[in-house]
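Coordinate-derived values only; no laboratory data. Bear in mind the structure is a predicted one, so any value in this text is a computation, not a measurement. Note: ideal-geometry Cβ built from the backbone for every residue, glycine included; neighbour counts use all protein chains shown.
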Amino acid sequence: MRRICFILQVKPERIQEYKEQHRCVWPEMKKALQETGWNNYSLFLRPDGLLVGYLETEDFERARATMASREVNARWQRKMAGFFVQPEGLLPDEAMAPLEEVFHV
C-alpha cells in the first residue's frame, strides 16, 4: 500500500463554502472513491487555503484513472473547479501531483 500526499490551493475567499461542500459529499461520490482504491482519503485545510490531501492506495495512477472514468467524479470535479487556484481548464483531480515521501516510521 502506497501513501500519497498532495497539495492544492483553495481560493481564500471561498474557504468557508469549500468546507461546507465537504460536510455533505454525495454518497455516490464516497462510494466511487472506495470502489476505486482511495483508502483512508482525507483532506486538511490551512486557514490561508492550502489544502493537503492524503490517501493510501496500491497504485495511485490506476486509482486516479479509474476514478476519472466515473460520471459522478466528472460532476464533482466540475462543481469543485471554481474553488481552486490552478491553471485554466484543469480540473482539481488533474492538478494532484504526489509529493515525495522522505520519511515514515
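Hey, fewest Cβ within 10 Å first, where do MET67, MET96, MET1 land in order?
In order of increasing Cβ crowding within 10 Å: MET1, MET96, MET67.
So for VAL25, VAL105, VAL10, fewest C-beta neighbours within 10 Å to most, what's the order?
Ascending Cβ contact count within 10 Å gives the list VAL105, VAL25, VAL10.
Measure out, as a whole number of angstrom, how far apart the alpha-carbon centroids of segment 45-68 and segment 18-40 sit.
After rounding, the separation between the Cα centres reads 11 Å.
May I ask you to compute the full-extension gain from GLU28 to VAL105, defined as 0.36 nm times their residue separation minus their alpha-carbon distance, rounded to one decimal in nm?
Value of the extension gain: 24.3 nm.
Which residue fluctuates most in the GNM of the chain (Cα springs below 10 Å): GLU58, GLU35, GLU88?
GLU88
What relative contact order, as a whole-number percentage, does segment 2-94 give when Cα pairs under 8 Å and 6 or more residues apart are counted?
Relative contact order for segment 2-94 comes out at 38 percent.
Any chance you could list P(r) for the chain, counting all Cα-Cα pairs in 10 angstrom bins from zero, rounded to whole %?
14, 48, 33, 4
Once Lys and Arg get +1 and Asp and Glu get -1 on their Cβ, which of ILE15, VAL85, ALA95 lies farthest toward the positive end of the dipole of the chain?
Value computed over the given set: ILE15.
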